[in-house]
Amino acid sequence: MSMTRIMSALLRRTHSFSSSRAPVSTTFASSLSVKPKISYQNDYGGHTRKLHLLDPRLWIIFSGQAAILGFCGNVALAEDDPIKPRSGDSLDGSGLERIEDGSVVSNIHTSKWRVFTDSGREHFFQGKLEPAERLFGSAIHEAKEGFGERDPHVASACNNLTKCFYCFLPLRKAELYRVKKEFDKAEPLYLEAVSILEEYYGPEDVRVGATLHNLGQLYLVQRKLEEARSCYERALKMKRRVLGHNHPDYAETMYHLGTVLHLQGKDTDAEALILDSLKILEDNGQGESMTYIRRLRYLSQIYIRSNRLADAENIQRKLLHMMELSKGWNSMETVIAAEALAVTLQLSGQLREAQELFEKCLNTQKKLLPEGHIQIGGNFLHMAKTFMLQATQLRGTNNSEALSKLDKAKDYLGDSSRIAKDVLLKLKNQKGKEQKQGKSSETLRNYEHAALVILLRSLDSLAVLETSKNEIPEAKERDPHAAEDALLECLSAYKEFGCGSQLQDSPEVKTEYVTCLKHLSVLLANKETKEASPISIAELKEEVKRIEMDLIGSHKKGS
């Protein structure tokens, strides 16, 4: 029996089965070398079965829900679902023969299309994006030859190919796309898929909505916010009509639309959408899922940016409680949640509790991470800032204790800058050895980025510390050059590790660099003695102006 006959028969038998199940949810493994598994749950017995993403039973479930494309955030590749011709369609000259159940027998092109699609998926899930791209490109060609230019199979193949440029990339997908500049490859394929599906099924079909969601993600990565918003709003309308108001896929698009509105400055609308998406996950028994946790974290970040620290604190306490119950304190997930809460407590002036949390995190990090790991350096920087804030509170009432706090902070800043510099030097000397280290180049770039930001912040904080220390009358040792030396070292670090690398385009790195430049400019302007300096105030101001113009340009481009 041909594959077309088998699939058609299975689809007919399983349509009622799939519609009686709870919504399909997906959780992908972090490594592309492992085939993702997808679970679905029986409404009646709670029995859970695990399916490989390539298991035909899974695609039967999708097809039973009348979808040839993976919904929104589920990042499923389009399946080669045999689609019956519409009534009145002519098969003359196509090379396809009608069979009893109304589907079609494959010709040589459709056979090749199926082989290329299956092989492309195998390579894709193994993380081999370049061969997957070639295979999916061949699948598009064969689909057009075998089914015709405007057939949904072509849209399916187009959708698969765009996944090579969009999905399953590391968390910093936007940075990777900017570097690889492959937006122009992905966008026209999505647009072609949308056009074909609209023509075949109509503009309000949920399959169109699924592809619009994916296109919205692509626009969001590029910060084409108005285009992303339009795609998400259309997709949301279609999913609400077909899936209902309480479906996780509807919540997925709702959440993404909320992120776009936040980036557009519409925080009230964004908050409402994100809260609704969280409620839908809770109602569907996903209140402890990683998806739920990620969305909760994003909402807390919105609150912090809006200076709603109490609201952010409440969410972060909830997240930490969830991590403590599920992971315990011997887990980096718990440490990340605790550090986020500690930073918020630090911002709101609750310094004692912040210090206790940072110390608890540091103890766990030293157990779980190798010595000199950049996350330990980041913790040292947080500890230093906490002691500096405590010193500020004590100044004027207990100067000796304030000086003691500053001394502790200085030790931590020395440790954080040392670790960050060591990391940057090691990474600089081991370019091209990423594979031996078992890390992807993207992982190393993230590690390098974090190290440079921490180094610049540590040196700038050290300059602030030295300036504050010199202003306290009880200070026994005063070094009038210490603050200037720290800032000059900050500038040198940016020149050494930032300039000429991909890090020089990072807005975060540029912001830290500008902060150092401004502090040095003020310091030189206020110096009592006009000693020679390696850089003039005029040069500093010119450099600040240039970097700030770059940041404004990046912001406009992103908006």
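Of the residues making up the range 338-348, one or more are acidic (Asp, Glu) and either touching a residue at least 24 places away in the same chain (Cβ under 8 Å) or surrounded by 15 or more Cβ atoms within 10 Å (Cβ to Cβ) (or both). What about SER461, is it modelled with pLDDT of 95 or more and either among the hydroxyl-bearing types (Ser, Thr, Tyr) or surrounded by 14 or more Cβ atoms within 10 Å (Cβ to Cβ) (or both)? When the stated conditions are applied, SER461 passes them. Of the listed requirements (1) more than 27 Å from the chain's Cα centre (by Cα); (2) among the small types (Gly, Ala, Ser); (3) open to solvent by 10 Å² or more (accessible area, probe 1.4 Å); (4) within 24 Å of HIS449 (Cα to Cα), ALA384 misses just one: (3). Annotation: of all residues in the range 505-541 being more than 24 Å from HIS481 (Cβ to Cβ) and surrounded by fewer than 17 Cβ atoms within 10 Å (Cβ to Cβ), the one that is modelled with the lowest pLDDT is ASP505.
Yes or no, residue by residue, for (1) in contact with a helix residue (DSSP H, G or I) (Cβ under 6 Å, 6 or more places away or on another chain); (2) of a type in the set (S, T, N, Q); (3) closer than 30 Å to LYS421 by Cα:
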| site | (1), (2), (3) |
| --- | --- |
| ASP283 | no, no, no |
| ALA340 | yes, no, yes |
| GLN346 | yes, yes, yes |
| CYS361 | yes, no, yes |
| GLY378 | yes, no, yes |
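Would you call SER277 modelled with pLDDT under 95 and under 19 Å from the mean Cα position of the chain (by Cα)? The answer is no for SER277. Scanning the range 302-313 for any residue that is free of Cβ contacts under 8 Å to residues at least 24 places away in the same chain, more than 21 Å from the chain's Cα centre (by Cα) and closer than 22 Å to ALA251 by Cβ turns up at least one such residue.
Within the range 358-374, being without any contact (Cβ under 8 Å) to a residue 40 or more places away in the chain and open to solvent by 20 Å² or more (accessible area, probe 1.4 Å) holds for GLU359, LYS360, ASN363, LYS366, LYS367, LEU368, LEU369, PRO370, GLU371. When the helices (runs of 4 or more DSSP H) confined to the range 176-251 are screened for residues that are open to solvent by 60 Å² or more (accessible area, probe 1.4 Å) and modelled with pLDDT under 85, those reaching at least 3 such residues are found at 183-201.
Condition check for GLU477 on (1) surrounded by fewer than 18 Cβ atoms within 10 Å (Cβ to Cβ); (2) of a type outside the set (Lys, Arg); (3) at pLDDT 90 or above: one failure, at (3). Taking every residue in the range 269-288 that is in contact (Cβ under 8 Å) with a residue 24 or more places away in the chain and pairing it with any residue that is outside any helix (DSSP H, G or I) and open to solvent by 50 Å² or more (accessible area, probe 1.4 Å), at least 6 positions away or on another chain, the pairs with Cβ-Cβ distances below 6 Å are ILE280/ASN246; ASP283/ASN246.
The values are calculated or read from the model by the stated rules, or taken from the named source; none is laboratory data. For clarity, every value in this text was computed on a predicted model and none was experimentally measured. Using ideal geometry, Cβ is built from the backbone for each residue, glycine included, and neighbour counts are taken over all protein chains shown. Heads up: the accessible areas ignore ligands, DNA and RNA and are worked out on the full protein's heavy atoms, side chains in. Shrake-Rupley method; radii C 1.70, N 1.55, O 1.52, S 1.80 Å.
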